[in-house]
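Enquirer: Quick one: the structure is below, questions incoming.
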Amino acid sequence: MKLIHTADWHLGQNFFEYSRIGEQKVFLRWLHTQIVEQGVQLVCIAGDVFDVQNPSAEAQRLYYDFLLGINRECPQAYIIIIAGNHDSAARLEAPRAILSTLNVHVVGVIERSADGTVDVSKLVIPLPNDCVCVAIPYVRQGDYATSQTYGEGVSQLFAQACEYAQQHFPQKKIIAMGHLYASGAEISENDNSERLMIGGLDAVSVNTFPKEIAYLALGHLHKAQRVGAEHIRYSGSPLHTSFSEINYTHGVNLVEIKNDSVQVERLEFAPPAELLLVPRKTAPLPQVLAELQNLPESDDEISCNTPYLFVQVLVNEPQPSLRSDIEQAIQGKNVRFVGFKKIEPTTENTTQTLSYNQTKQMTPLQIAETIYSSKYGETMPEELHKLLQQAIFEIQGF
């Protein structure tokens, strides 16, 4: 069995105010080519197909065009899709009967039988070779017993589905899919959006996954990585979804299962639009403006290849014209400006806690000077001092 493992497409996402549809089209064309050229028999899409639960018509068209295109060129290939936390499970499953005629199988909702038990048969998809797929979508509250933790509930679903697969398809190897946070996986320090719950309560221990699983295709975390064992993998997102992912590599996992061996090859995809963080290490405004002015110029309109620019500036005093200074420096440059951040120099915390009686004895200007000195580690500039004093006089009616 040769399969491609991918996840976290986030179709229809807006990166800041910019649509990603053009970039996502480039990725899906590339993925289509990989599926054809590699002779893939199975495509595992491990959740977060869409960015929002009510995706645009354009995003849905992109999704269905891709599925139809694969079926036309590779009619024997299977595609299995599970819902992620960004997806509407019911919406994703709605065309299930039609998609099944294209060898596309969607598992969005964890259904229950009349007696209230989980219908694990729906979570197990036999394949026309020596493999079977256990597909567990994103587990929501109500999908597991209230007496269980999130991790316990998810682990039990995997155990039940794998037991069913072994009973009904005893000679087949198990390929499993999940959309979850596996304990021990790496998350960006600057972006906790991938963490479902506070304090790691959503974590699922990798030690609880059934040993019979030959390959576990995971989604939810955007960094491609293995967790705990060679066969437990995140494919990562095909495009960066925040600047915290600027150092991530993107692509899909090509997996080949032969007899008792599992080989994983990384197929890297280069996103068409680069992330530019200027400067990479924080610097004062004059140095930042000089670096911005050296960026390549362009007369072309914005396209899916135009880089995204985020600026960070080291400040030790207020910079009221900072945005306009940046915008002037990048005028005519080949970038999409998405924002900036002011970073204050690291100083020892010299903040003095003042009592109510102490502040009553201070003038507004003295309070402002104290706050400025604490924040920036130096005395307030004379020009700012005069402007603030003038504003205070005007307010007080002097």
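Enquirer: Does the range 211-257 come out rounded, prolate or oblate by the C-alpha gyration tensor, with a ≥ b ≥ c the root eigenvalues, rounded set by a/c under 1.5 and, if not, prolate when a/b is larger than b/c and oblate if not? All intermediate terms of the calculation are to be shown ahead of the outcome.
Expert: Working: a/c = 2.94, a/b = 2.20, b/c = 1.33.
Prolate, because a/c is 1.5 or more and a/b exceeds b/c.
Enquirer: Moving on to the next point. Nearest 5 is fine: what % of DSSP beta bridges in the chain come out antiparallel, could you say? Walk me through the numbers on the way to the answer.
Expert: Values: 23 of 67 bridges.
Roughly 35 percent of the DSSP beta bridges within the chain come out antiparallel.
Enquirer: Right, something else. Relative to the longest principal axis of the chain, what angle (0 to 90°, nearest 10) does the C-alpha long axis of helix 382-396 take?
Expert: Once rounded, one gets 80 degrees.
Enquirer: To continue, here is another question. Using the Cα centre of the range 56-95 as the reference point, and only Cβ charges (+1 on K/R, -1 on D/E), how large is the resulting charge dipole? Debye, rounded to the nearest 20. Walk me through the intermediate numbers first.
Expert: Working: 3 positive and 5 negative charges, 10 e Å.
Taking the Cα centre of the range 56-95 as origin, the dipole is about 40 debye.
Enquirer: Of the DSSP beta bridges with both residues in the range 245-312, give the percent that are antiparallel, rounding to the nearest 5. Intermediate values should be presented prior to the final figure.
Expert: Numbers: 9 of 13 bridges.
Around 70 percent of the beta bridges assigned by DSSP in the range 245-312 are antiparallel ones.
Enquirer: On to the next question. Output needed for the range 226-279: three equivalent-ellipsoid semi-axes, defined as square roots of 5 times the C-alpha gyration tensor eigenvalues, in descending order, whole Å.
Expert: Working: eigenvalues 166, 28, 9 Å².
With the √(5λ) rule applied to the range 226-279, the semi-axes are 29, 12, 7 Å.
Enquirer: Also: Taking square-rooted eigenvalues a ≥ b ≥ c of the alpha carbon gyration tensor, is the range 294-341 rounded, prolate or oblate, where a/c under 1.5 means rounded and, failing that, a/b exceeding b/c means prolate? Walk me through the intermediate numbers first.
Expert: Values: a/c = 2.88, a/b = 2.16, b/c = 1.34.
The shape class here is prolate.
Enquirer: Another question, then. What percentage of the solvent-accessible surface of the range 89-194, computed with a 1.4 Å probe over protein heavy atoms, is contributed by carbon and sulfur atoms?
Expert: Working: 2350 of 4910 Å².
In the range 89-194, the share of accessible area belonging to carbon and sulfur is 48 percent.
Enquirer: Starting from one equal scatterer on each C-alpha and no solvent at all, send me the Debye-based log10 I(q)/I(0) for the range 1-82 at q = 0.11, 0.17, 0.18 Å⁻¹, two decimals.
Expert: Result of the Debye calculation: -0.28, -0.66, -0.74.
Enquirer: Can you work out the Karplus-derived ³J(HN,Hα) for every residue in the range 274-289? Use 6.51 cos²θ - 1.76 cosθ + 1.60 with θ = phi - 60°, whole Hz, and x for glycine or proline.
Expert: 7, 8, 10, 10, 10, x, 5, 10, 4, 8, x, 4, x, 5, 5, 4
Enquirer: Taking only Cα atoms, what is the 0 to 90° angle, nearest 10, from helix 364-376's long axis to the longest principal axis of the chain?
Expert: 50 degrees
Enquirer: Starting at the first residue of the range 113-118, write each ³J(HN,Hα) from the Karplus equation 6.51 cos²θ - 1.76 cosθ + 1.60 with θ = phi - 60°, in whole Hz, x for Gly and Pro.
Expert: Those phi angles translate into 7, 4, 8, x, 7, 5 Hz.
Enquirer: Taking H as built 1.01 Å from N, whose amide H comes closer than 5 Å to the amide H of Cys131, not counting residues under 5 places away?
Expert: HN-HN under 5 Å from Cys131: Lys173.
Enquirer: Run the numbers on the range 82-224 and let me know its relative contact order in percent, using alpha-carbon pairs under 8 Å that are six or more apart. Spell out each step's value before the answer.
Expert: On the way: 219 pairs, mean separation 33.8, N = 143.
That works out to 24 percent.
Enquirer: Could you check what % of the DSSP bridge pairs in the range 1-119 are antiparallel, to the nearest 5? Walk me through the intermediate numbers first.
Expert: Details: 3 of 17 bridges.
Given both bridge residues lie in the range 1-119, the antiparallel proportion sits at roughly 20 percent.
Enquirer: Let me know the whole percent of all Cα-Cα pairs from the chain that are separated by more than 42 Å.
Expert: Numbers: 23587 of 79003 pairs.
When all Cα pairs of the chain are counted, 30 percent exceed 42 Å.
Enquirer: Per 10 Å bin from zero, what fraction in whole % of the C-alpha pairs of the range 206-358 is there, up to the bin with the longest pair?
Expert: The percentages, shortest bin first, are 9, 26, 22, 18, 15, 8, 2, 0.
Enquirer: Right, here's the next one. Over the chain, give the accessible area per residue in Å² for a 1.4 Å probe, as an integer. Please report the intermediate quantities before stating the final value.
Expert: Values: 20020 Å² over 398 residues.
It amounts to 50 Å² per residue over the chain.
Enquirer: If amide H atoms are built 1.01 Å from N in the plane of the peptide, which residues on other chains or at least 5 residues away come under 5 Å of the amide H of Val43?
Expert: HN-HN under 5 Å from Val43: Ile4, Tyr78, Ile79, Ile80.
Enquirer: Along the range 242-256, what does the Karplus equation 6.51 cos²θ - 1.76 cosθ + 1.60 (θ = phi - 60°) give for ³J(HN,Hα), rounded to whole Hz, x for Gly and Pro?
Expert: 7, 6, 5, 9, 4, 9, 6, 9, 10, x, 9, 9, 9, 10, 10
Enquirer: How big is the range 1-142 by Rg and Dmax over its Cα atoms, in Å?
Expert: That works out to 15.3, 48 Å for Rg and Dmax.
Enquirer: A further question follows. Which of rounded, prolate, oblate describes the range 38-90, given a ≥ b ≥ c as roots of the alpha-carbon gyration tensor eigenvalues and a/c under 1.5 marking rounded, otherwise prolate only if a/b is larger than b/c?
Expert: Details: a/c = 3.16, a/b = 1.63, b/c = 1.94.
Cα axes put the range 38-90 in the oblate bin.
Enquirer: Beyond a 29 Å Cα-Cα separation, which of these cross-linked pairs lie in this structure: Lys25/Lys211; Lys173/Lys223; Lys122/Lys172? Mind showing how you got there, number by number?
Expert: On the way: Lys25/Lys211 37 Å; Lys173/Lys223 27 Å; Lys122/Lys172 17 Å.
Among Lys25/Lys211; Lys173/Lys223; Lys122/Lys172, the Cα-Cα distance tops 29 Å for Lys25/Lys211.
Enquirer: Right, here's the next one. For a quick protection proxy, order the peptides 280-288, 303-311 by their average other-Cβ count within 10 Å, most packed first.
Expert: Numbers: 280-288: 13.9, 303-311: 18.3.
Ranking, from highest mean packing down: 303-311, 280-288.
Enquirer: Counting only protein heavy atoms and a 1.4 Å probe, tell me what percentage of the range 278-344's accessible area is made up of carbon and sulfur. Working shown, then result.
Expert: Working: 1720 of 3910 Å².
Ligands and nucleic acids excluded, carbon and sulfur reach 44 percent.
The values are calculated or read from the model by the stated rules, or taken from the named source; none is laboratory data. All of these numbers come straight from a predicted model, not from anything done at the bench. Neighbour counts are summed over all protein chains in view; Cβ atoms, including those assigned to glycine, are modelled from backbone coordinates with ideal geometry. With ligands, DNA and RNA removed, areas are computed over all heavy atoms of the protein, side chains included. Shrake-Rupley method; radii C 1.70, N 1.55, O 1.52, S 1.80 Å.
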